[in-house]
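*Asks:* Handing you this structure, nothing more for now.
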Amino acid sequence: MTNKTQWLRHGKIKLALHTVRESMEEGSHPLLLLHGLGERTPETLFDEFSSWPGQIFGLDFTGHGLSDIPKGGGYTAELLMGDADAALNQIGPATVCGRGLGAYVALMLAGGRPRQVRGAILCDGPGLAGGGPQPSNPQIIHPDPHCAPPPDPMAMAELSNDIRPADYAMSYVLQATHLSPVIHPITVCAVQKTKWITAVCEAIETEESTLKDALEIYSRFVPNEESEA
């Protein structure tokens, strides 16, 4: 990671947006990384990201990494989508790659901001399933002990049990596929097939691929005047 960190505001929360790598090709759109539950923006990148031509950014969600911890909790996936929207507003139209919890947020952002998200890539990672499609026995995902600073325990407790109905996830898929300028705006790279991931995969507009192939396809997207409107 470079040492460049921007500070954004989402309501009263100060968010850390890191420049993970500078652009290698002028005019290429950026890639926004969204980490898993209990994680933070990675300091090193997987090899698959090495060929991405544009800038690479990483956002620390509320309660994670260098971002603020709110008093009293109140964590939801929708709150984190607002975090990601603040980052997107800062960096401009981008491909979004989410891991675990970040994959769910990436899906929501693709539906909520279909003209700004140039492809959403959904990968395995902590917090992918959340609390399942309906209320069930509480569970908590333990954070990486090497993650410093550690995440807010309240975030771990609440987001581990965040309900993810398949039909709710599909509402974002439909929004993205109808309004996005990208032909296949959502690509699933996750091997773990949760209820909501399975529903997303069954949508005819959704692609399943490897991370490397998904990055290559989205890196080639060139917007036209209509998509920029």
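*Asks:* Test M170 against the stated conditions and say whether it is touching a helix residue (DSSP H, G or I) at 6+ places or on another chain (Cβ under 6 Å) and in a helix (DSSP H, G or I). Reasoning before the result, please.
*Replies:* On the way: touching a helix residue (DSSP H, G or I) at 6+ places or on another chain (Cβ under 6 Å): yes; in a helix (DSSP H, G or I): yes.
Considered against the rule, which asks whether it is touching a helix residue (DSSP H, G or I) at 6+ places or on another chain (Cβ under 6 Å) and in a helix (DSSP H, G or I), M170 comes out as yes.
*Asks:* Looking at (1) surrounded by 14 or more Cβ atoms within 10 Å (Cβ to Cβ); (2) β-branched (V, I, T); (3) assigned to a helix (DSSP H, G or I), can you tell me which one I163 breaks?
*Replies:* (3)
*Asks:* Still on this structure: So, in segment 51-75, exactly how many residues are farther than 20 Å from L88 by Cα, at pLDDT 95 or above and out of contact with any helix residue (DSSP H, G or I) (no Cβ under 9 Å at 6 or more places or on another chain)?
*Replies:* 0
*Asks:* Quick check on segment 202-224: of everything there that is modelled with pLDDT under 90 and surrounded by fewer than 18 Cβ atoms within 10 Å (Cβ to Cβ), which residue is nearest to V191 (Cα to Cα)?
*Replies:* Filtering segment 202-224 for residues that are modelled with pLDDT under 90 and surrounded by fewer than 18 Cβ atoms within 10 Å (Cβ to Cβ), the one nearest to V191 (Cα to Cα) comes out as A203.
*Asks:* Please indicate, with yes or no, whether at least one residue in segment 53-71 is in a strand (DSSP E or B), charged (D, E, K, R), touching a strand residue (DSSP E or B) at 6+ places or on another chain (Cβ under 8 Å) and within 21 Å of K4 (Cα to Cα).
*Replies:* Looking for residues that are in a strand (DSSP E or B), charged (D, E, K, R), touching a strand residue (DSSP E or B) at 6+ places or on another chain (Cβ under 8 Å) and within 21 Å of K4 (Cα to Cα), one finds at least one in segment 53-71, hence yes.
*Asks:* Could you tell me which residue of segment 1-50 is surrounded by the fewest Cβ atoms within 10 Å (Cβ to Cβ), considering only residues that are assigned to a helix (DSSP H, G or I) and modelled with pLDDT under 95?
*Replies:* D47
*Asks:* So which residues in segment 71-125 are farther than 22 Å from L211 by Cβ, surrounded by fewer than 24 Cβ atoms within 10 Å (Cβ to Cβ) and acidic (D, E)?
*Replies:* E78, D85
Okay, residues lined up against (1) touching a helix residue (DSSP H, G or I) at 6+ places or on another chain (Cβ under 7 Å); (2) touching a residue at least 24 places away in the same chain (Cβ under 8 Å); (3) not in a helix (DSSP H, G or I):
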position	(1), (2), (3)
A155	no, yes, no
V182	no, yes, yes
V191	no, yes, yes
L215	yes, yes, no
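The values are calculated or read from the model by the stated rules, or taken from the named source; none is laboratory data. Computed from a prediction, not measured in an experiment: that's the story for all the values here. Positions of Cβ are generated from backbone atoms using ideal geometry, with glycine treated the same way; all protein chains shown enter the neighbour counts.
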